[in-house]
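> Can you read through this structure? Questions will come right after.
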Amino acid sequence: MSTPSLLERRHAAVPRGVFNLCQCFAASASGARLTDVQGREYIDFVGGIGVNNAGHCHPDVVAAVREQAGRLMHSCFHIAMYEPYVALAERLCALTPGDFPKKALLLNSGAEAVENAVKIARAATGRQGVICFETAFHGRTLLAMTLTSKVKNYKFGFGPFAPEVYRMPYAYCYRCPKGLTHPGCDLACADHLEEFFSGHVAAESVACLIVEPLTGEGGFIVPPPGYFKRLADICARHGIVFIADEIQTGIGRTGTMFAMEQHGVQADITLTAKSLGGGMPISAVVGRQELMDVPAPGGLGGTYGGNPVCCAAALAVLDVFERENLLATARTLGNRVRATFEAWAADMPCIGEVRGLGPMLAIELVRDRATREPAGTEAKAVVARCTDNGLLVLSCGHHGNVIRTLMPLVITDADLTRGLAILREALDHVFSARD
């Protein structure tokens, strides 16, 4: 009898609900390249879904992990405290937008950060309601899944969902839910929050509003200038905690350490994860000191939250950003990719819109620019052809018709050029075949 292949073993032991982009098995990775067990190399425009901004296996992060693992792997911060947790909390409080005293809670995942931020807001306000948005993605645990907008395949069959969650339209200018056009709309989508209090939930019942400054799974949608400032002002007027979910946008992904910096908004609570750990699982809730201190001892935390090895990795990531000036690198990368996408859009009718911030960019694919009919099937085919040709890239959006880029910020010019060429060829191939 022959030895089962890795793929056969995966199908026999792992549930089918665990999605896989392609059929390859990773063996190693470095910078913006991933090598599978058969020795085939891929250029990575996915970055572990926004996790590897500093690159795969950055040597400084690897060294920090090895050194910390040799001294202390786990004691549980609740039992015996350790300095890396405190040091990382200090760094994050200094880096997160907001000219007010802050404190930071360290956890394991983005979903944990979301759930704990809501807990803190509810404890601080004595209210239960949570406002979230269409196109949002906040995680896969019960409350985070409830806050997530897209039903299939994130929510279908997994109800009942958490109570006291209310969803309002997001500022999706390309497909405006109000049928208006910016700037003539005067940010009617933000002012809708005041109307929302009349028809959906009273402001006095709302603990917090949670929003992504640029939607991730929802399609890399960027609201117009002033949108978040107006939302934040309304929240402040009604004593509602404003939570910025920067789990995917944070740690340099948009060309600034946090995307809300580009919107001029200081959230009451900011969430970060993904690229913070450089590949190690860690997340953080960073917020106003007076909010963060409301829960009593024992009300926040977890066995592995702020694990010392993960903290060491995160501190090394932040050091790399400073030493290698990765924010400037990110802005340069974003300018180059945007210019390329916009040049493509000029002669490719299938590109309805180019959007994003910094190097967190996307193209929305349509079958017809006039009707803006989503080209979801075609986007799936583009992703598959890219994979076949050695480029890892993902689609997103409610219709699955948005191609997004999350390449490591340290990608070389040669890999970037080659990756963009593969993507362009896939677009040409798929849409010429359709025509």
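> Suppose we filter Glu164, Glu134, Glu115 for residues that are acidic (Asp, Glu) and in contact with a helix residue (DSSP H, G or I) (Cβ under 6 Å, 6 or more places away or on another chain); which single one remains?
Testing whether each residue is acidic (Asp, Glu) and in contact with a helix residue (DSSP H, G or I) (Cβ under 6 Å, 6 or more places away or on another chain) leaves just Glu115.
> Scan the range 80-137 for residues that are over 28 Å from Gly264 (Cβ atoms) and part of a loop (DSSP other than H, G, I, E, B) and jot them down.
Ala80, Met81, Tyr82, Asn108, Ser109, Gly126, Gln128
> Based on this model, can you work out whether Met260 counts as outside the structural domain of Pro408 (by TED's automatic domain parsing) and within 17 Å of the chain's Cα centre (by Cα)?
Here the answer is yes, as Met260 does meet what is asked.
Residue-by-condition table, conditions (1) closer than 26 Å to Thr256 by Cα; (2) of a type outside the set (A, V, I, L, M); (3) in contact (Cβ under 8 Å) with a residue 40 or more places away in the chain:
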| position | (1), (2), (3) |
| --- | --- |
| Ala330 | yes, no, yes |
| Val354 | yes, no, no |
| Ala362 | yes, no, yes |
| Val366 | no, no, no |
| Pro374 | no, yes, no |
| Gly390 | no, yes, yes |
| His398 | no, yes, yes |
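Yes/no per residue for (1) acidic (Asp, Glu); (2) under 30 Å from Val285 (Cβ atoms):
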| position | (1), (2) |
| --- | --- |
| Leu300 | no, yes |
| Gly305 | no, yes |
| Phe321 | no, yes |
| Asn335 | no, no |
| Glu342 | yes, no |
| Pro349 | no, no |
| Gly358 | no, yes |
| Ala362 | no, yes |
| Cys386 | no, no |
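> Residues to consider are Arg336, Arg385; find the one that is in contact (Cβ under 8 Å) with a residue 60 or more places away in the chain and not assigned by TED's automatic domain parsing to the domain that holds Ile251.
On the way: Arg385 fails: in contact (Cβ under 8 Å) with a residue 60 or more places away in the chain.
None of the other options fit; the residue is Arg336.
> Residue by residue through the range 402-418, note down the ones that are more than 14 Å from Gly31 (Cα to Cα) and either touching a residue at least 40 places away in the same chain (Cβ under 8 Å) or of a type in the set (Gly, Ala, Ser) (or both). Don't jump to the end; show me each part of the working.
The first filter runs over the range 402-418 and keeps only residues more than 14 Å from Gly31 (Cα to Cα), leaving 402-405, 417-418.
The answer is Val402, Ile403, Arg404, Thr405, Arg418.
> Report the residue count in the range 386-416 for those that are buried (at least 20 other Cβ atoms within 10 Å of the Cβ), of a type outside the set (A, V, I, L, M, F, W, C) and not in a loop (DSSP other than H, G, I, E, B).
The number of residues fulfilling the criteria is 4.
> Taking the range 33-64 only, how many residues are hydrophobic (A, V, I, L, M, F, W, C) and surrounded by fewer than 20 Cβ atoms within 10 Å (Cβ to Cβ)?
5
> Let me ask something else. For the range 144-167, give me each residue that is closer than 19 Å to Ala207 by Cβ and surrounded by fewer than 21 Cβ atoms within 10 Å (Cβ to Cβ).
Those that are closer than 19 Å to Ala207 by Cβ and surrounded by fewer than 21 Cβ atoms within 10 Å (Cβ to Cβ): Met145, Phe161, Ala162, Pro163, Glu164, Val165, Tyr166, Arg167.
> Moving on to the next point. Please go through the range 37-54 and pick out each residue that is without any contact (Cβ under 8 Å) to a residue 40 or more places away in the chain and in contact with a strand residue (DSSP E or B) (Cβ under 6 Å, 6 or more places away or on another chain).
Val37
> Additional query: crowded, with 21+ Cβ neighbours inside 10 Å, closer than 24 Å to Val410 by Cβ and under 22 Å from the mean Cα position of the chain (by Cα): which single residue out of Ala330, Ala379 fits that description?
From the options Ala330, Ala379, the qualifying one is Ala330.
> Also, quick follow-up: May I ask you to list the residues in the range 99-118 that are in contact with a strand residue (DSSP E or B) (Cβ under 9 Å, 6 or more places away or on another chain) and surrounded by fewer than 19 Cβ atoms within 10 Å (Cβ to Cβ)?
Matches in the range 99-118: Phe100, Pro101, Lys103.
> I would also like to ask the following. Go through (1) crowded, with 19+ Cβ neighbours inside 10 Å; (2) of a type outside the set (Ser, Thr, Tyr); (3) closer than 23 Å to Tyr42 by Cβ; (4) within 23 Å of the chain's Cα centre (by Cα) and name the single condition Ala426 misses.
Looking at each condition in turn, Ala426 falls short on (4).
> Moving on to the next point. Tell me, which strands (runs of 3 or more DSSP E) wholly within the range 1-71 include 1 or more residues that are farther than 30 Å from Gly219 by Cα, of a type in the set (S, T, N, Q) and at pLDDT below 95?
none
The values are calculated or read from the model by the stated rules, or taken from the named source; none is laboratory data. Fair warning: this is a prediction, and the values are worked out from it, not measured in the lab. Neighbour counts run over all protein chains shown; Cβ positions are idealised from the backbone, glycine included.
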